[in-house]
2 protein chains.
Amino acid sequence: MIGIFDSGVGGMTVAKAVEDLCPHLPLVYFGDIARSPYGSKSPEVITECCRRNTDFLLSQGAELVVIACNSAAATASGTLRREYSVPIIDVVEATAEKAAAVSAAGGIGIIGTRATVRSKVYEQRLEAIRPGCRIASQACPLLVPLVEEGWLDKRETKMILRRYLHSLQQQQVDTLILGCTHYPLLGRLIQSRMGKRVRLIDSSAEAARHLKEFLDKNPRIGSNMAESGQQSRFFVSDSTGPVQQLADRIFGRPIHLEKVDV
Amino acid sequence: MIGIFDSGVGGMTVAKAVEDLCPHLPLVYFGDIARSPYGSKSPEVITECCRRNTDFLLSQGAELVVIACNSAAATASGTLRREYSVPIIDVVEATAEKAAAVSAAGGIGIIGTRATVRSKVYEQRLEAIRPGCRIASQACPLLVPLVEEGWLDKRETKMILRRYLHSLQQQQVDTLILGCTHYPLLGRLIQSRMGKRVRLIDSSAEAARHLKEFLDKNPRIGSNMAESGQQSRFFVSDSTGPVQQLADRIFGRPIHLEKVDV
């Protein structure tokens, strides 16, 4: 199975994109709602959570692991690659690649949680792929709570976005990485604030595309999964009403969430 | 020692109030930053966290436990009282008592996290102490992230408060319970929005007062603690820069935070 983990339900946007691209492959998803959000926690705690999540996905039959959470990928993907032998697909890598490829003038902005911005992993990766590009980053810690409240079009949300995006506008980025799986839900507001000439890069779509490329290069992995006949399963470490609603909304159908203590 | 736990550092306002009222008694504090916030999680997960926190405080020599977090007290204080033999002091009980006592016309408002408001524990307690009082409650899930960002006086914070407090104003409450230990940091803004005739009840101060009353009635407990010669200790399940700053600011001196995996 394709294992996917996230700190919460945001990573379900990655799972949905994977399902759309590889509809014949079974998924096992784990959302660590009980410890959510990761973005404000220390690297040590985030890394420990990532180990637990990976162990759980492997125990459920995952043959590769997609780190759908930018904060987790930015903090712990190196550690997980050292400690586990299964392939690790990393939302940050996929997203940085795309941004470097599409940026016209090499002015790339990044918005994310504190953990993602602090890690500087997007900067390192962009520098490696496209040396000399201009990079500006901004931590936006209030956006996840605003999305989780469903305040997707409120005046307060627009004002907070204006404050966060101001410095990126001044630095004239032509490409903006939405470095958190919650942010595409604010995509319209962000686009209208940044102007239509700025290209937004959605990390969920890029993670799914990256996974698809990996499977195309390694066809045996995918064909083994397809033949296994397993059904996709969705696990969470805590389940509440808003979590269930968000999951159903992302997939456009009722999703059976299984609660598990990891 | 006096054990105090909270989902994070907000409960340090309780610890500080306890230190001010009982300066000769040693405290052991635990802030569950790694699982913070509790307010958006399910009753099952909150209760399990409270058990772990209580076990930890007892292992450190606590002889009574103060639940400093409103979400935790609202959800799990009954369970903890059934399962543990040590006295449990509960921020909700103390705060409800005070509000019922000071409200002139019996119009009492409550603001808190989703978990606190959903539990209806303030309503139940107020009804028991002062039957017939009019109660209005409002969940304010964005206030904790705003306080943790230090946005204590920003225009966006004022607008969000106006939205949250609107219905309470219309219901003409004369007393407003700040049912979360983060909210006193927004006390000035809340007071100015509600008007100076509305009395704000600070749950941190009330929890400390309640504890002091309990110790006055049970003098042996306090004198045993005072004679033990132990020093106060502050534990957290995760430590980051903002957490350390907030702890130092609340106590007005550098606080040594010990990280522990609970």
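Observations on the structure shown:
- Yes/no for A:Ile135 being within 21 Å of A:Gly11 (Cβ to Cβ) and either touching a residue at least 24 places away in the same chain (Cβ under 8 Å) or surrounded by fewer than 20 Cβ atoms within 10 Å (Cβ to Cβ) (or both): no
- Contact map, region A:209-235: residues that are under 19 Å from A:Ser59 (Cβ atoms) paired with residues that are exposed (fewer than 13 other Cβ atoms within 10 Å of the Cβ) and at pLDDT 95 or above, Cβ distance under 7 Å, separation 6+ or inter-chain. Pairs shown: A:Arg233/A:Glu258; A:Phe234/A:His256; A:Phe234/A:Glu258; A:Phe235/A:Glu258.
Quick grid of which residues meet (1) more than 21 Å from the chain's Cα centre (by Cα); (2) within 14 Å of another protein chain (Cβ to nearest Cβ); (3) of a type outside the set (D, E, K, R):
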{"site": "A:Cys133", "(1), (2), (3)": "yes, no, yes"}
{"site": "A:Gly150", "(1), (2), (3)": "no, yes, yes"}
{"site": "A:Glu156", "(1), (2), (3)": "yes, yes, no"}
{"site": "A:Arg162", "(1), (2), (3)": "yes, yes, no"}
{"site": "A:Asp174", "(1), (2), (3)": "yes, no, no"}
{"site": "A:Ile177", "(1), (2), (3)": "no, no, yes"}
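- Selection within region A:30-48: residues that are part of a helix (DSSP H, G or I) and touching an Asp or Glu at 6+ places or on another chain (Cβ under 6 Å). The member of this set that is nearest to A:Phe5 (Cα to Cα) is A:Ile33.
- Inside region B:176-200, residues that are open to solvent by less than 30 Å² (accessible area, probe 1.4 Å) and of a type outside the set (A, V, I, L, M) make up a count of 7.
- Tally, over region B:179-203, of residues that are touching a helix residue (DSSP H, G or I) at 6+ places or on another chain (Cβ under 7 Å) and either among the β-branched types (Val, Ile, Thr) or outside any loop (DSSP other than H, G, I, E, B) (or both): 14
- No other residue among B:Glu83, B:Glu97, B:Glu48 is surrounded by fewer than 22 Cβ atoms within 10 Å (Cβ to Cβ), on the phi < 0 side of the Ramachandran plot and assigned by TED's automatic domain parsing to the domain that holds B:Thr113 apart from B:Glu97.
So that you can scan it fast, the table gives a plain yes or no per residue for (1) polar (S, T, N, Q); (2) free of Cβ contacts under 8 Å to residues at least 12 places away in the same chain; (3) within 22 Å of B:Ser42 (Cβ to Cβ):
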| residue | (1), (2), (3) |
| --- | --- |
| A:Ala17 | no, no, no |
| A:His24 | no, no, no |
| A:Ser36 | yes, no, yes |
| A:Glu44 | no, yes, no |
| A:Phe56 | no, no, yes |
| A:Leu80 | no, no, no |
| A:Asp90 | no, no, no |
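- Tally, over region B:62-79, of residues that are away from every other protein chain (no Cβ under 14 Å) and open to solvent by 30 Å² or more (accessible area, probe 1.4 Å): 2
- Residue selected from region B:1-29 under the condition among the aliphatic types (A, V, I, L, M) and in a helix (DSSP H, G or I), by the criterion farthest from the other protein chains (Cβ to nearest Cβ): B:Leu21
- Matching entry among A:Gly107, A:Gly78 (being small (Gly, Ala, Ser), more than 19 Å from A:Leu185 (Cβ to Cβ) and in the same structural domain as A:Asp216 (by TED's automatic domain parsing)): A:Gly78
- Exclusive hit being in a helix (DSSP H, G or I), in contact with a Gly (Cβ under 9 Å, 6 or more places away or on another chain) and either more than 23 Å from B:Glu149 (Cα to Cα) or open to solvent by less than 40 Å² (accessible area, probe 1.4 Å) (or both), set A:Val173, A:Val147: A:Val147
- Residue that is surrounded by the most Cβ atoms within 10 Å (Cβ to Cβ), among those in region A:205-232 that are polar (S, T, N, Q) and either in a loop (DSSP other than H, G, I, E, B) or within 14 Å of another protein chain (Cβ to nearest Cβ) (or both): A:Ser232
- Scanning region B:233-262 for residues that are away from every other protein chain (no Cβ under 14 Å), assigned to a loop (DSSP other than H, G, I, E, B) and either closer than 26 Å to A:Glu48 by Cβ or open to solvent by less than 50 Å² (accessible area, probe 1.4 Å) (or both) returns B:Ile255, B:His256.
The values are calculated or read from the model by the stated rules, or taken from the named source; none is laboratory data. Source: prediction; values computed, not measured. Because the Cβ atoms are built from the backbone with ideal geometry, glycine has one as well, and the counts that use them run over all protein chains shown. Heavy atoms of the whole protein, side chains included, go into the accessibility calculation; ligands, DNA and RNA do not. Shrake-Rupley method; radii C 1.70, N 1.55, O 1.52, S 1.80 Å.
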